[in-house]
Amino acid sequence: MADFINVNPVKFWCQKVLPLVYDDSLSYYELLGKVVNQLNEVIANNNQLPDYIKQQIELYISSGEIEAVLSDVLGQWLVNVKMPPDNLTAAKGDGATNDHDALQAILNYAANKNLGVFFPGGTYLTAGLTLPANCTLIGSGANITTVSLIGGGNIPLISGPNDNVRITGIKFDGNIGSQTNDITLINFSGKNLSIDNCELKSSNILLAVTGAGANNINNIVFGYAVREHLLTNGS
């Protein structure tokens, strides 16, 4: 059971600022202490599990069943591109299959149902995608989930027009060495646009935003760009 993780106890530090409370409720300091103590009890129980229980847990996690359960639970809010509803084709995310048709159908479905779209870890190779309005793309983190533009593309990897959209936790790769055209990686246009905790790399222009109203660009890692990393325009 060398792969079963033993978790170390949690510690915390909090600077007291008076007054801590204005009534008889717990102060933030006291509440934090109780939460940490409760976590440490769970951790201690986890670290004392018998080997046969650890083996069963590890078997369940590695079987893929937990991903199916999570997909069912989160299905009220998110569409998992690798486990979409039965009428949609699943994306492979294997870095070799062209997932364009599967992804575009899932994006359109999610936008119509007012659902977010979840990209589990993997590399999703695709031609340019149109991101509908009222859509949210959520990855497992920029170091885990990559969406890569297939060679010979002639439109941006992500384009719109887009209103009320958010992208978070994804690496976008323009794969510029395989392109024959000067392509913008992500071309946003609209209002209430948000992109955060993403990595953008390898394109002529990495991010172009023509926006109106409140738009948010936060915690972005910009990689190689031929012309511009970021272009902004609009009101």
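The numbers here are math on the coordinates, done by the rules we state, and not lab data. Predicted, not measured: the structure shown is a model, and the values here were computed from it. No Cβ is skipped: glycine too gets one built from the backbone with ideal geometry, and neighbour counts run over all protein chains shown.
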For segment 154-202, what is the per residue volume of the convex hull drawn over the alpha-carbon atoms, in cubic angstrom?
58 Å³
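So what is the relative contact order of segment 101-143, in percent, for Cα pairs below 8 Å that sit 6 or more residues apart? Mind showing how you got there, number by number?
Details: 41 pairs, mean separation 20.1, N = 43.
It comes to 47 percent, rounded to a whole number.
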Residues of type lysines that LYS113 reaches as a straight line, Cα spacing below 28 Å, ignoring anything fewer than 8 places off in the same chain
LYS82, LYS92, LYS171, LYS191
State the volume of the convex hull built on the alpha-carbon positions of segment 53-210, expressed per residue in Å³ and rounded to an integer.
114 Å³
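Length gain on complete extension for the stretch SER140 to ASP196, per 0.36 nm per residue less the alpha carbon to alpha carbon distance?
Working: separation 56, 0.36 × 56 = 20.16 nm, distance 1.27 nm.
Taking SER140 through ASP196 to full extension adds about 18.9 nm, to one decimal.
Please compute the Kirkwood hydrodynamic radius of segment 154-235 from all pairs of different C-alpha atoms, in Å with one decimal. Before the final figure, lay out the partial values.
Working: mean 1/r = 0.0799 Å⁻¹.
The answer is 12.5 Å.
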Förster radius 41 Å - calculated FRET efficiency between ASN40 and TYR224, Cβ distance, rounded to 0.05:
0.35
Taking 8 Å as the Cα distance limit and 6 or more residues as the minimum spacing, I'd like the relative contact order of segment 86-235 as a percentage.
16 percent
About the Cα centre, charge dipole magnitude for segment 56-198 (Lys/Arg +1, Asp/Glu -1 at Cβ), debye
340 debye
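For ALA133 and GLU30 in the same chain, what is the full-extension length gain: residue separation times 0.36 nm, less their Cα-Cα distance, in nm? Don't skip to the end; give the middle numbers.
Numbers: separation 103, 0.36 × 103 = 37.08 nm, distance 4.40 nm.
Here the answer is 32.7 nm.
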Just to be sure I understand the model, the point goes 7 Å from the Cα along the line to the Cβ. What's the resulting ALA90 to ASN108 distance in nm?
2.2 nm
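Compute the length gained on full extension between ASN47 and THR232: take 0.36 nm times their separation in residues and subtract their Cα-Cα distance, giving the result in nm to one decimal.
On the way: separation 185, 0.36 × 185 = 66.60 nm, distance 5.13 nm.
That pair, ASN47 and THR232, stretches by 61.5 nm at full extension.
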Quarter of Cα convex hull surface for segment 83-131, i.e. mean projection, nm²
3.3 nm²
